Each structure stands twice: as structure tokens, then as C-alpha cells.
1. Can you tell which of 107, 85, 133 lies farthest toward the positive end of the dipole of the range 68-139, using +1 and -1 charges on the Cβ of basic and acidic side chains (Lys, Arg; Asp, Glu)?
2. Quick check: pseudo-label points 7 Å beyond the Cα along Cα→Cβ at residue 616 and residue 798, how many nm apart are they?
3. For each pair in 744/809; 688/839; 513/776; 125/251; 688/795, compute the distance between the two Cα atoms and list the pairs where it is over 28 Å.
4. How high is the FRET efficiency from residue 98 to residue 63, r the C-beta distance, R0 41 Å, rounded to 0.05?
5. Suppose the chain between residue 540 and residue 78 were pulled fully straight at 0.36 nm per residue; how much longer would it get relative to their current alpha carbon spacing?
6. Determine the gain in length on full extension of the stretch residue 571-residue 495; use 0.36 nm per residue of separation and subtract their C-alpha separation, reporting nm with one decimal.
7. Pop the C-beta distance of residue 120 and residue 190 into the FRET formula with R0 = 22 Å and round what comes out to the nearest 0.05.
8. Contour minus end-to-end for residue 415 and residue 461, with contour as 0.36 nm per residue of separation and end-to-end as the Cα-Cα distance?
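What follows draws every value from the coordinates through simple rules; no lab data is involved. Bear in mind the structure is a predicted one, so any value in this text is a computation, not a measurement. Note that we place each Cβ from the backbone using ideal geometry, even for glycine, and neighbour counts take in every protein chain shown.
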Amino acid sequence: MCGRFTLLILTPAANNDPSLFHQIEYIVRCHYLKPSMINLNKIFPWLSIRNKLLIAFAALSILPLLFVGVYSIFSNVRMMKKVALEKLTVDVQTIREKTANLLENISSDLRVLKNSSPLEAWILKEGTTARSTQSELQQMNKEVLAFAKTKGIYYQFRLIGRNGDELLRVECINPNDSAKAYRIVPQPELRQGRESYYFLMIQSVGHNQVTLAPAELLYKTGERIPVMSFAMPLAGERGIVGILIANVFEKEFIRVIESKKQFEPSRKIILTTGDGHYLYHSEKKKDWNRLLASREEDNLQRDYSPFVAASTLSGSEGTITEGADEVISYAPLFPQSDLSGKPEATPAFSVPVFVIESVPESAIMGPVRSSALTFIGFLVLFLGSAIGLGLVATRQFTRPIAQVQRGAEIIAKGSYGHRLHVETHDEIEKLADQFNVMASSLEAHEKEIQQHRNRLEEMVERRTRELLEEKTKLQALLDNVPSAFVLLDKDFRIQTVSAAFASLTGYALSDVKDKDCGMIFQDGDVCKECLCRKAVQEGMIESRVEHMVDRARGERFIERIAIPMKENGKVGSVLQIITDVTKRKRLEQELVHTEKLTAAGEMSSIIAHEFRNSLTSIKMILQLLAESSRISRPEKKSLGVALDSMRHMEGIVIELLDFARPKQMQMTEGNLNEIVRESLEFVTPHLKEKRVEVTVKLEPRAVILKLDASRMKEATINILLNAIQAIDTPSLFKKRGRISVATKMTYLQETLRELAFTKEFEQEGLGNREPEIIIKKGTACALVEIGDTGCGIEKDQEQRIFDPFYTTKTNGTGLGLPLVKRTVNAHRGAVKVESVKGKGTTFRIYLPLHHDT
């Protein structure tokens, strides 16, 4: 008789220390449970002990009641369905007998009238060529009137001739009067030729058969009289001679059908023909006239499933409990066979008629639901009682266990000073004492751990402060270095940058953080051959200097150094150092430029001095020989050629002297347009010689600025002569060359930089100027633009055309364009050249409208 429960209490480890997990196992012996009973621990492992005991008490009190109640409910359902089916069958048989008797009586009445002497005589005459007299029709009226008075269920008797004319009518005088009085309708009130409907009714009816259909007749007061129309064809020797019609009051018909019934409030009674058309429907008797008018839309096949329709019209008796939400009983109104099983020879009615009665399943199951609700009420009552008693019984057992559980939760949250106070004088009290011992041990361990934690936090705080100081020093060092430091990860995404990065690139750290370096520098040349990727691939430091030009800062030189940072022998990041070396590069260019100019000036001075003295002596001797009378004419001609060559050499010497010792600039206000026009007039003979077309487009306003007119004119002529010499003489296969000359006022769209002739400035008395010409963006300038369609200049020659003595002409000196550049620079201007090989060259001279002299 002894069973046992195993109670496991697991306390979570404090501060995630696995050594602080404790498991206490205690066995509570129980003398009222057998070991062979169901183990609720396995079925409901997530429930508490109290809930498991409550489940056991509730199950013991409810299960017997539940089994008995369910069995009773199912038994009541079967019994009630059986009783309902028996009641429906009795109702159907009663309706069947009464309705069949009514219809048989009506059929018999029609046969009695048909076999009466006056009507037989009329049929006999109508079957021949003879016609009935008025007296014979009056005799028939009296016969029918006498017959109608004896019955009282008929509203009308009518006789329709073969041509559709109404021959006689006997009808009730007041349909609403309980004492039925009848009259013979006079001849003028009879209908003529409008009764084709009845001929349609008897199309498939035998000579001794009757057909029927619901109808509504219009009374003389406008009131509609619902009736059931019965029609019998009258046949003579020549076929159908007329139709005998009896209209029975609808209320008489309904009174017979809706006699005493078992299910008064909810039953439904239907009379239907063999093709499913309604003759009577208890729910549609108010719309009596629609039973015939809407027979195609409102019939048995439409209202019920095919199975129900086929079963009810099968000709046999039966019941249906499945396939619909109703319980249905059905039977044919007239048996199709007699008691011996043989079919009847000639049925009284031409169409089969079926009786159907149905009751909603809810009407039958209502008492069952009431019983079920009563059972559920008792079930809830017993369940509540069982749970209440279980709560009282288990409270004494579960309360100390709950105290132990709450103590474990408190200690799990870190309150190791908590102690349990349980006084049950049993094993649970011993368990609480052991729990207090465990709490004391945990409290001692917690104090020791807290001491270690405090010492560790002090060490971490001190080390963090040292690292922060070192980081601040390093960051200050990097931020004050003019070079920008960029740290990339192994995927070349930017991790951090120094302060100089923003000034060099225009991007802040927030703009480039975690972005690919190629996305940041894609507008430059850096990504054409990525320096960082090359450094990672080669595993060594890579560097290069890049030439960049932008509108905001002009020409710049950027030095990039990529250093692969290795961790455990593998490259984990890349340090890129970006330095703006534009000043250094420009200083180098200035030194080279100055050395070139100095050497060219010295060489020009030496050559001009030595050549000039020798040329002067030679020229004097040649002139004396030319004046001598002892030489012949051919010899004089040869001396003239020699003197022309001497003059050409003197011109070259003069150019060398002008380049070596330039004259001082004479700055006065002048019109740039006039200077251009005079230069064009000077080169007009050369233009005509090569048949060059000239297009001139000068600024409409006078371009007045401070300049040396003669030196500027000389520079313009030099550029025009170079343009003319670059154009080939036109021929049969070559078009005429074109030169375009234009002046205009403009504002610079970008900053222009150009190295100037520094020594010349000092010699010309222009003061100590900077060696570099800088015209800032937005400066107002006068622009002289000279373009040609000549042979163009090679790309590698564009940077050298302004170097002294550099020329590609066979008879050139290489001093023309350097003199142009010197003159423009002396006016604090700049000269730019654009050329496409084979298409032509364009020179642009920019002269600031305002500059210091």
C-alpha cells in the first residue's frame, strides 16, 4: 500500500557559476496511493503536485457520471428518432387516406355528372354534326345546380366546348358565406374562346381519367379565389367534344390535408406530381397561384437534393433521415397496384400524386439538447465540488513545498541571506533545514566572489584609463600630421581615418565608414590599378604619386602609400597614407623651369654676342665687294643672295638677344580688339598665299585693359603665323584650311595655374613676382582664341612647345611660342593649348581685366 513521489528542487547557479548548482532529492511517502496506479508525472510532467492531485480527484468523481450521461444521451437520441419516424409515418398514412378519399369523391362526382342524361345527350349530339338546343343546355344547368347544392365543397362547375367557349357555369354566389348558395351564370357572362389552358391540362389524360392543378379565379368583386381545378375530358364519336371542370375551394382541400397531426408547430406537408411539381405546399399556401405559375423554378428537385427527390418520387413508401436537415416520410397518394400486387387497370387520375411530410431535425433533437444541458450542469456541479474538496485537502501538503519553492527563487535572484521557516515536524521541515545550510554556503561563496570582482574592476578601470591616454596621444599625433591615415579591413572597407582625410578628400569619417575604398575614390585614377590590393597581393609596401585635376583646387599631386598589416603571418588590414605633395612637385617644376630659362638665356646671350660680331664683319666685307665695279653681274647677284642670308641670320640674332635681354614692358590702356585686327592685317599676305579662310568673331564691346600693345601684337602674330604654317596649301584632293579668331569677356570656370618666366619679371622691372601664375575661378578675363584646322600637335609635344629652342620645323628657331608665353605671363595671364592630331589646334590667351603692375 505504499507509493512514493520524487521531489526535485533545482536552484539556478548564482552569477552563472556551474559549481553553485544544487540538487535536493526528497522522498515523500504516501500511504493512500498504490504503486500500480497511473503515473501522473509521466502523463503531465509540467504540472505541480497540487494540480496533479486535483486532476486525480476530479477524474475519480467525474468519469463515472460522464460515462453514464453520454450513454443516456445517445440512447435518448435513438429512441426519439424512432418515435418521430413512427409519428411521421402515421401522419403520412392519415393524410394519404383522407386526401385519396377526397380526390376519389371528386373524381366520382365528375363521373356522375358525365353519366347524367342531359350531359350524355349533349356529348352524343356534339359527337355528330347536330347542335344542342338552348333548352337542352338549360336542362344541364339545372342538373349541375342541383348536384352542386348537395355537396358544398365546390366553387364552380364549368362546361367548355371543343372551340374553347364556355357553355355553362354554375358557381357559388358568395364564396365567403358558410351557407353555400349557387347560381346559374347567364349566357352573356360566359367566356368565349379563352379556355385553351384546360385543353393543355388534358393533353395526356385518358377518356375516363381526371387531372388536377392549383389555380386562382377572379371573382366579380375583384377578389381572388384559390381553388384546386379538376378537369375531365368528354369524348364523343368525333373525339374530344368538351371539358367538364370542377373547381374545389382551396380551404376545403387544405382542411382535409391539414387534419390532426403529431407535430403541430413545425411539420411541413407537400403534395407533388410525379415530375416534382407542387400541387400543395403547407409553407406556400399563401402564394397559391404561384404553385402552377412558377412550377419550373419552384419544385421538389430545386428545393431538395437529387437523392431526396428521387427517393420520394420512386413510387414506394419510406423515410429519410440522412442527406438533409429534416426527417422526411413519403408515400404515393394512389397505390400503383392492388392488394394482390397487380397494377391497376385504369387509374382515376392521369398523373401520379405523392404525399410528403417532413419535420426539422432540430424539433426532434430539442428534448435531447435539454437533457444534455441538464447533464452538463450536473457535471459542472460535481467538478466544482471535487476541485473545492481537492483544494482543501492538498493545501496542507503543498503550502510548505511552495515556501521552499519561493525560497529557491529568492536565492536564485542573489538574496543569499534569506532563510526558510517551516514547521511541519516531518521530512519537509528537514528539507527546509538542508536548504538553509545550502543558502549559508552560497552566501559565503558570494562574498568571496564579490571581493575578486571588485579587485578585477579596479584593474580593468586602471588599464582602460591608461589605454585611453595612449589612444588620445596617438590620435593627437595622427590628427596633427598633414598626411591622412586610412585603415582598411581585409575586404578594403574603410574602418577609421585621421583628421587630415577630410581636408584632402572632402569626406568625413561618418561618410565613408564601412564603405569600399573604390566607391570613395572612383572619380580618380586610384581604382584603375588599386594600390591597396597590389600591396596585399605582393605582401609589401607600395607607393605612387597621382596627378589629379579638379575645378575647385586645380592641378594637384597626391602621394599614396599602402602598407599591409600582418597578423599571425596573414594580412588582416591595410594602412594607406595619403599626402598632398603638390607644393613639392611645383617646387621641383619651378627649379627645372628656372634652370631651363637660365641656361637658355645664357646660351642665347653668348651665341648672339659671338655671332653678331662675326656677322657684322662679314656683312661689311660683302657690302664693299658688292659696291666694287670690278665684279661681274652674276657675281653681284651671288653677293645679293649672301647679303639676304646675312640679314636672315641677323634677325635670328635679334630674336636671341630679345629672349636673352628682354625689353621693359610699356603698360598702357589699349583695345584688345584693335590689336587683333592689326595682327590679322599683318599676316594677310601669308593668308592669301595659302588661300586660308579666316573667321573673325570679336567682342561687340571694346575690350579695354592695361597692356603693352606692341608686345601683345607680336605674340598674336606669332600664334597666327604658326597656324598658317600648320595648314597645307589646298590642292585637288585637299580642302582649304580655316583659321578662327575670337575675343570675348568671360569668367573662369576653373582655376588656372602656370609657371612664369621669373627672371624676366625681375629684369622688366615688374617687381618680385611669384614664379607661378594663378588665376582663380570666377576671375573676369579677356579671352583671345585662335584655332586652325591644321595638322595638330602630338600629345607628347604639347608640354614642350613653350620650351626655348624646341621646334619641329626645319627652319624654325624654337623661340616664337616661348616669347608668346613670356609676353602673356608678363601681363599676369596664361596661355592654354588644345590640339587633336590631324584635326587642328586651338590657343587660348586669358588676360585678367584687373591685376597688379
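1. The residue sitting most towards the positive pole is 85.
2. Going from the residue 616 label point to the residue 798 one covers 4.5 nm.
3. 744/809; 513/776; 125/251; 688/795
4. It comes to 0.15.
5. 156.7 nm
6. 25.8 nm
7. 0.55
8. Numbers: separation 46, 0.36 × 46 = 16.56 nm, distance 2.73 nm.
Stretched out fully, the residue 415 to residue 461 stretch lengthens by 13.8 nm.
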